[in-house]
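To keep things clear, I will list the structure first and then write my remarks on it.
Coordinate-derived values only; no laboratory data. Being a predicted model, the structure only gives us computed values, none of them experimental. Glycine gets a Cβ as well: all are built from the backbone with ideal geometry, and neighbour counts include every protein chain shown.
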Amino acid sequence: MTDKRRALITGITGQDGSYLAELLLDNGYDVCGVVRRSSTETFERIMDFKSRLTLVQADLTDQVSMIDVLSEIRPHEVYNLAAQSFVPTSWKQPILTGDVTALGVTRVLEAIRVVDKGIRFYQASSSEMFGHAQETPQTERTQFYPRSPYGVAKVYGHWITVNYRESYGLFAVSGILFNHESPRRGLEFVTRKVTHAAARIKMGLESEVRLGNLKSKRDWGFAKDYVRAMWLMLQQDTPDDYVISSDETHTVGEMCEIAFDHLGLKWQDHVRVAPEFYRPAEVHLLLGCSAKAREKLGWQPEVSFEQLVKLMADADLARVQRQIKNESA
Ligand code: NDP
Ligand code: GDR
């Protein structure tokens, strides 16, 4: 082991894990990632820099595996990004979602308590905890009212993080992050679903995309900006919780308009509303206030909503064009 700072990331194969790993490598860290056993590889997002990472096998549902990993790696910082993170799946698999997204947090915290209480801990909390928002904009003091099993699980994860900080004096922080997106976003999330579909429609591979509620409003930012805030939270003198958001809100419909328009298409010609994408309980409006993070962490986003949607549409168009070229070669 070297003298460099060591970070362990759970969820390193996900959108945020991949960006955070790159940031930490750039900052001179030894970066280790937890990966779970799978019959096919899930390394697509980290492929370009995988040789610079240490990957270890463990699962958030297995307490001993987490203790073993922490004992082996002895990180200075742990970023807990692993979760069942797709809201609709949380109604289909509420028990699994609770096990990974809620209890999984306690397993990581228990591993820290047993192995080394000096390890700094970041918990990926979510604006979904505000759910049926009790006030607008939402701040660190806004009451939670989750509207999905996922949101409920994240509320547990948030409070157990606060509780371990207060019970054991851990440097444990909860980042309440609003939606953040990128070309690495999973294809089932609405922004990526739209930019990917718009690119395929542009290239004549499809003619329409079926979506749910076009009126719901989200506070969307760029994932690369948001992982910077995670790192900043663990560099402070004292542990605290922060809202991270763009402080703007837009409808799903507006997002569609920007994406299709950017590729020279009219969104009304291609977007169809399909009841199967409506949720049993919707979160209608999220709008964050990140004033505390801006003041105390010196954080601010660099990519605007419009730039974000356009860069995602451009990336998907390039990807689809590459696929077509490879298939015809
Ligand atoms: P992703 O869904 O892209 O990534 C989730 C990661 O968790 C994947 O690496 C996945 O591994 C891993 N994982 C899932 N289950 C387990 C398990 N049982 N054991 C170990 N690893 C597991 O999520 P994002 O990157 O978008 O989000 C990162 C975190 O931030 C999540 O906790 C999410 O809930 C939270 N969050 C995200 C926001 C967003 O807008 N993106 C906003 C607020 C919070 P595999 O590749 O094997 O599936
Ligand atoms: P969200 O993101 O649920 O906010 O959770 P998602 O992109 O799935 O939905 C955002 C909004 O778009 C509406 N919507 C659709 N959503 C999807 N997925 N597919 C559709 O076809 C569609 N049509 C309309 C939804 O109803 C919703 O209102 C994300 C995840 O990353 C969480 O893990 C994270 O905690 C929160 O963001 C903050």
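Our coupling estimate for region 57-69, obtained by passing each phi through the Karplus curve with A = 6.51, B = -1.76, C = 1.60 and θ = phi - 60°, is 8, 6, 8, 5, 8, 10, 4, 4, 4, 6, 5, 4, 5 Hz, Gly and Pro reported as x. Using only Cα atoms, find the angle between the long axis of helix 252-262 and the longest principal axis of the chain, and express it within 0 to 90 degrees, rounded to the nearest 10. Taking the Cα atoms of the chain, the angle to 252-262 is about 60 degrees. 3J(HN,Hα) along region 277-290: 9, 6, 9, x, 9, 9, 9, 7, 9, 10, 8, x, 10, 9 Hz, from the Karplus curve 6.51 cos²θ - 1.76 cosθ + 1.60 with θ = phi - 60°, whole Hz, x for Gly and Pro.
The gain in end-to-end length when the Asp237 to Asp314 segment is fully stretched comes to 23.7 nm, 0.36 nm per residue minus the alpha carbon separation.
In this structure, the residue pairs whose Cα-Cα separation is over 19 Å, taken from Lys4/Lys224; Lys193/Lys217; Lys266/Lys310; Lys193/Lys215; Lys202/Lys325, are Lys4/Lys224. 3J(HN,Hα) couplings calculated from phi for region 184-197 with the Karplus curve 6.51 cos²θ - 1.76 cosθ + 1.60 (θ = phi - 60°) are, in sequence order, 8, 4, x, 5, 8, 6, 4, 4, 5, 4, 6, 5, 5, 5 Hz; Gly and Pro show x. Highest-first packing order for the peptide set 197-203, 168-174, 277-283 is 197-203, 168-174, 277-283, based on the mean count of other beta carbon atoms within 10 Å. Region 105-169 and region 300-329 have Cα centres spaced 33 Å apart. The loop-placed trypsin sites (Lys or Arg not before Pro) in region 232-329, going by DSSP, that have at most 14 neighbouring Cβ atoms within 10 Å of their Cβ come out as Lys266. Sites listed here are GluC sites (Glu not before Pro) in region 145-215 whose DSSP assignment is loop and whose Cβ has at most 16 other Cβ atoms within 10 Å: Glu188, Glu206, Glu208.
When peptides 45-53, 112-120 are ranked by their average number of other Cβ atoms within 10 Å per residue, the highest-first order is 112-120, 45-53. First check a/c for region 49-100, with a ≥ b ≥ c the square roots of the eigenvalues of its C-alpha gyration tensor; if it is under 1.5, answer rounded, and if not, answer prolate when a/b is larger than b/c or oblate otherwise. Prolate. Computed from Cα atoms, the angle from the helix 149-168 axis to the main principal axis of the chain rounds to 20 degrees.
Local charge sum around Gly212 (other residues, Cβ-Cβ under 9 Å, Lys/Arg +1, Asp/Glu -1)? In short, 0.
Taking Cβ atoms as reference points and 9 Å as the exclusive limit, the residues near Pro88 contribute a net charge of +1, counting Lys and Arg as +1 and Asp and Glu as -1. Spatially, region 30-60 and region 187-240 are offset by 22 Å when compared through their Cα centroids.
Classify region 36-180 as rounded, prolate or oblate from the Cα gyration tensor: take a ≥ b ≥ c as the square roots of its eigenvalues, call it rounded if a/c is under 1.5, otherwise prolate when a/b beats b/c and oblate if not. Verdict is oblate for region 36-180. Packing here is the average count of other Cβ atoms within 10 Å per residue, and on that basis the peptides 58-64, 89-95, highest first, run 58-64, 89-95. Amide H contacts of Leu177: Ser125, Ser126, Ser127, Ile244, each under 5 Å away and 5 or more positions distant or on a separate chain (H built 1.01 Å from N in the peptide plane; Pro and chain starts excluded). Once the C-beta distance of Leu96 and Arg37 is scaled by a Förster radius of 22 Å, the resulting FRET efficiency is 0.90 to the nearest 0.05. Legend: calculated FRET efficiency, Gln268 to Gln134, from the Cβ-Cβ distance at R0 = 30 Å, rounded to 0.05, equals 0.30.
Among the trypsin sites (Lys or Arg not before Pro) in region 157-197, none sits in a DSSP loop with a Cβ that has at most 10 other Cβ atoms within 10 Å.
Placing a pseudo-label 7 Å from each Cα along the Cα-to-Cβ vector at Lys325 and Phe189 gives an inter-label distance of 2.7 nm. Each Cα pair under 8 Å and six or more residues apart adds its sequence gap; the mean of these over the residue count of the chain is a relative contact order of 17 percent. Extension gain, Asp68 to Glu44, is 6.0 nm, computed as 0.36 nm per intervening residue step minus the present C-alpha separation.
Our compactness index for the chain, the C-alpha radius of gyration over the empirical 2.2 N^0.38 Å, is 0.99. Working from Cα positions, state the angle (0 to 90°, nearest 10) between the long axis of helix 15-26 and the longest principal axis of the chain. That helix lies at roughly 60 degrees to the long axis. With the simple model of a label 7 Å out from the Cα in the direction of the Cβ, Phe86 to Arg294 spans 3.5 nm.
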